[in-house]
Amino acid sequence: MGKVIAIASQKGGVGKTTTTVNLAASLAMLKQRTLVLDLDEQNAVGFGLGLSRQQMEHGLYDVFLGRKKLSEIIHSTMLPYLKTIPYGKGTLTDEFERFVRQKGSAPLLKKYVDALQKSCDFILIDCPPGMGELTIYALSAANAVLVPMQCEPLSLKTLTQILKIIRKVRRQINPDLVIEGLLMTMYDENYRIAREVCQQVWASFPEEVVFRNVIPRMEEFSSAFAVGRPIITQDPEAEVAKAYLHLAHEVIAKRKKELEDLAAGGGGDDEARTA
Ligand code: ADP
Ligand code: MG
């Protein structure tokens, strides 16, 4: 059974989509069967992975509404181990929200994810900004949540809020949800503030909860994304590509340990990740 990781944050622009696309590509390069689900109506994952507009026409949105089957909206990418499901063209109209609420899309998404998990090693879910309903569905269906944060003082405040929401989801919906890790993104070592925020995060949270790898800022990154290819397939020597590859190794190592703990019959020493 594959592991399901939601990439979520209250804030927009912190690197959720960039992390989803580049972590997924790195996992795939390491021969992990990886699937990316896009829960953001902007379909940015599809752009980042080079899907055509036509391929992004339909997606999860249509599956929620019963217009398409999951098997019809899974697309291959330039990497053999990487597949993706776009969000589709729908917007979150009141009608859609009512429908989703009535039908209970939290269990619906969980049902889809459970079905997809069987043929993957990892499923990454790119969440829209904020902690709206779709993000809560993702957290309900996931095994773990990865929280990207920019290295700036305000992020620390956001982090406290997001951890509160994760705790709430765990109490009310998904008791098994763990924190995959807090990931510091767009790190610029030339900025004193960025260095201080990093230090503060490392000092404030148990080490199991914060990724050792920090993703550096790379000015040309936005244009790389626009080309529709993960950075590792374009410029594997770039610092940011190496950082995402190291992150993928960390994620795989965590998974390996979880499976070993499970096989040994225990839950492991994971209290920190459920704090
Ligand atoms: P989110 O999904 O959280 O809204 P994005 O992943 O779309 O955030 O990133 C926001 C912006 O920051 C994008 O323009 C993206 O290209 C840019 N960005 C993300 N990561 C980096 C990085 N490491 N270096 C430079 N720019 C980055
Ligand atoms: Mg995004």
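Could you tell me whether Ile166 is open to solvent by less than 70 Å² (accessible area, probe 1.4 Å) and part of a helix (DSSP H, G or I)? Here the answer is yes, as Ile166 does meet what is asked.
Does Phe221 satisfy the condition of being within 13 Å of ligand 1 (Cβ to nearest atom) and touching a residue at least 40 places away in the same chain (Cβ under 8 Å)? Yes: the conditions hold for Phe221. Residues that are more than 9 Å from ligand 1 (Cβ to nearest atom), outside any helix (DSSP H, G or I) and open to solvent by 10 Å² or more (accessible area, probe 1.4 Å) within the range 1-50 comprise Met1, Gln10, Leu30, Lys31, Gln32, Arg33, Glu41, Asn43, Gly50, listed in sequence order. Of all residue pairs spaced 6 or more apart or on separate chains, those with beta-carbon atoms under 6 Å, a first member in the range 12-33 that is touching a residue at least 24 places away in the same chain (Cβ under 8 Å) and hydroxyl-bearing (Ser, Thr, Tyr) and a second member that is open to solvent by 10 Å² or more (accessible area, probe 1.4 Å) and near ligand 1 (Cβ under 7 Å from one of its atoms) are Thr17/Ala44. Beta carbons closer than 8 Å, at least 6 apart along the sequence or on distinct chains, pair a first residue in the range 182-199 that is at positive phi with a second that is among the polar types (S, T, N, Q) for Met186/Gln150. Reported count of residues in the range 121-151, each being open to solvent by 10 Å² or more (accessible area, probe 1.4 Å), outside any helix (DSSP H, G or I) and of a type outside the set (Gly, Ala, Ser), is 7. For Val63, the conditions (1) farther than 25 Å from Ile165 by Cβ; (2) within 15 Å of ligand 2 (Cβ to nearest atom); (3) part of a helix (DSSP H, G or I); (4) open to solvent by less than 60 Å² (accessible area, probe 1.4 Å) are fulfilled apart from (2).
Residues that are modelled with pLDDT of 75 or more, part of a loop (DSSP other than H, G, I, E, B) and either open to solvent by less than 50 Å² (accessible area, probe 1.4 Å) or in contact with a Gly (Cβ under 7 Å, 6 or more places away or on another chain) (or both) do not occur anywhere in the range 98-108.
Rundown of residues vs (1) surrounded by fewer than 14 Cβ atoms within 10 Å (Cβ to Cβ); (2) part of a helix (DSSP H, G or I); (3) not small (Gly, Ala, Ser), yes/no style:
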{"position": "Pro175", "(1), (2), (3)": "yes, no, yes"}
{"position": "Val201", "(1), (2), (3)": "no, yes, yes"}
{"position": "Met218", "(1), (2), (3)": "no, no, yes"}
{"position": "Ser222", "(1), (2), (3)": "yes, yes, no"}
{"position": "Lys256", "(1), (2), (3)": "yes, yes, yes"}
{"position": "Gly265", "(1), (2), (3)": "yes, no, no"}
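For the range 234-248, indicate whether the set of residues that are surrounded by fewer than 19 Cβ atoms within 10 Å (Cβ to Cβ) and under 17 Å from the mean Cα position of the chain (by Cα) is non-empty. For the range 234-248, residues surrounded by fewer than 19 Cβ atoms within 10 Å (Cβ to Cβ) and under 17 Å from the mean Cα position of the chain (by Cα): present. On the basis of being modelled with pLDDT under 95, more than 21 Å from the chain's Cα centre (by Cα) and crowded, with 19+ Cβ neighbours inside 10 Å, does Val209 make the cut? Here the answer is no, as Val209 does not meet what is asked. For the range 76-89, a residue qualifies if it is open to solvent by less than 10 Å² (accessible area, probe 1.4 Å) and on the phi < 0 side of the Ramachandran plot, and the qualifying residues are Leu82, Thr84, Ile85, Pro86, Tyr87. With the condition kept exactly as written, say whether any residue in the range 181-190 is in a loop (DSSP other than H, G, I, E, B) and open to solvent by less than 90 Å² (accessible area, probe 1.4 Å). Yes, the range 181-190 contains at least one residue that is in a loop (DSSP other than H, G, I, E, B) and open to solvent by less than 90 Å² (accessible area, probe 1.4 Å).
The values are calculated or read from the model by the stated rules, or taken from the named source; none is laboratory data. Quantities reported herein were computed from a predicted structural model and do not represent experimental measurements. Positions of Cβ are generated from backbone atoms using ideal geometry, with glycine treated the same way; all protein chains shown enter the neighbour counts. Heads up: the accessible areas ignore ligands, DNA and RNA and are worked out on the full protein's heavy atoms, side chains in. Shrake-Rupley method; radii C 1.70, N 1.55, O 1.52, S 1.80 Å.
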